[in-house]
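Notes to accompany the following structure.
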Amino acid sequence: MARTVNCALLGKEAEGLDYTPYPGDLGQRIYDTISKEAWQSWLGHQTMLINEYRLTPIEPEARKFLETEMEKFFFGEGSAAPKEFVPPDP
């Protein structure tokens, strides 16, 4: 049987992650309270941030920025797209 969590982002009971997706306390908090569906939403948002801001995730400054945005996305006011961002047509 799949592990379920009360997802902090979606506000409903949903299938939980299979493993801690990020190191440290933030990763454990995500594992404990974020669903697979919400994590997939973050991965899409993170990809957009990396592309729009032309980040190199191996650089410490980029990693810190993405970690801050991840925390805002899941547990804060949300992580906004850049003002210039135009979503692709479906």
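Results for (1) closer than 23 Å to P23 by Cα; (2) loosely packed, with under 13 Cβ neighbours inside 10 Å, shown as yes or no for each residue.
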site: L55; (1), (2): yes, no
site: K64; (1), (2): yes, yes
site: E71; (1), (2): yes, no
site: F75; (1), (2): yes, no
site: V86; (1), (2): no, yes
site: P90; (1), (2): no, yes
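Among the residues of this structure, S79 does not count as one that is surrounded by 13 or more Cβ atoms within 10 Å (Cβ to Cβ), of a type in the set (S, T, N, Q) and not in a loop (DSSP other than H, G, I, E, B). The set of residues in region 51-71 being at pLDDT 95 or above and either closer than 17 Å to R29 by Cβ or in a helix (DSSP H, G or I) (or both) consists of P60, E61, A62, R63, K64, F65, L66, E67, T68, E69, M70, E71. Residue pairs whose Cβ atoms lie under 7 Å apart, separated by 6 or more positions or on different chains, with the first residue in region 72-90 and within 17 Å of I50 (Cβ to Cβ) and the second in a loop (DSSP other than H, G, I, E, B), are K72/G78; K72/S79; F73/S79; P82/Y53.
Restricting attention to region 1-31 and to residues that are outside any loop (DSSP other than H, G, I, E, B), aliphatic (A, V, I, L, M) and free of Cβ contacts under 8 Å to residues at least 40 places away in the same chain, the residue that is nearest to E71 (Cα to Cα) turns out to be V5.
For region 29-52, a residue qualifies if it is crowded, with 18+ Cβ neighbours inside 10 Å and polar (S, T, N, Q), and exactly one does: S35.
Within region 33-47, residues that are under 19 Å from D18 (Cβ atoms) sit with their Cβ atoms under 6 Å from residues that are among the small types (G, A, S), at 6+ positions apart or across chains, in these pairs: T33/A8; S35/A14; E37/A14.
The values are calculated or read from the model by the stated rules, or taken from the named source; none is laboratory data. Here the structure is a predicted model, which is why all the values come from computation and not from measurement. Counting neighbours? That spans all protein chains shown, and the Cβs are built from the backbone with ideal geometry, glycine included.
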